[in-house]
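Everything on this sheet refers to the single structure shown next.
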Amino acid sequence: MKLSHKTILITGGTSGIGLELARQLLERGNTVIVTGRNQDSLVTTQRMLQGVHTFQSDVSDSSAIAALYKNVVA
């Protein structure tokens with residue numbers, strides 16, 4: 001699978017495997033969007049990974065999922 005020049009959404013990408021995946025996908029020229037519940041963690045992620053896009057969102061909240069969809073599509 002070719003993973004370059006794509007738009008990729010990673011839920012819970014502010015730490016661990018998600019964060020490392022975001023880092024590697026950015027290095028391959030992708031547009032990477034990371035979500036998380038904690039705004040401070042999202043800000044830290046943006047500082048660490050230049051070019052990453054972040055959205056505060058909770059995947060257990062259906063209204064937050066709908067709002068995330070609207071923001072990502074826009």
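Points to keep in mind about this one:
- For ALA64 and GLU20, the difference between the fully extended length at 0.36 nm per residue and the C-alpha to C-alpha distance is 13.4 nm.
- Considering the chain, its Cα convex hull presents a mean projected area of 5.0 nm².
- 0 to 90° range, to nearest 10: angle between helix 62-73 axis and the chain longest Cα axis: 40 degrees
- Within the chain, helix-based [θ] at 222 nm, where runs of 4 or more DSSP H residues each add -39,500 (n - 2.57), nearest 500: -14000 deg cm²/dmol
- With Cα atoms, 0 to 90° folded angle of helix 16-27 axis to the chain main axis: 50 degrees
Computed from the coordinates by the stated procedures, all read-outs in this text should not be read as laboratory data. Only a predicted model underlies this, so the values are computations on that prediction, with no experimental measurement involved.
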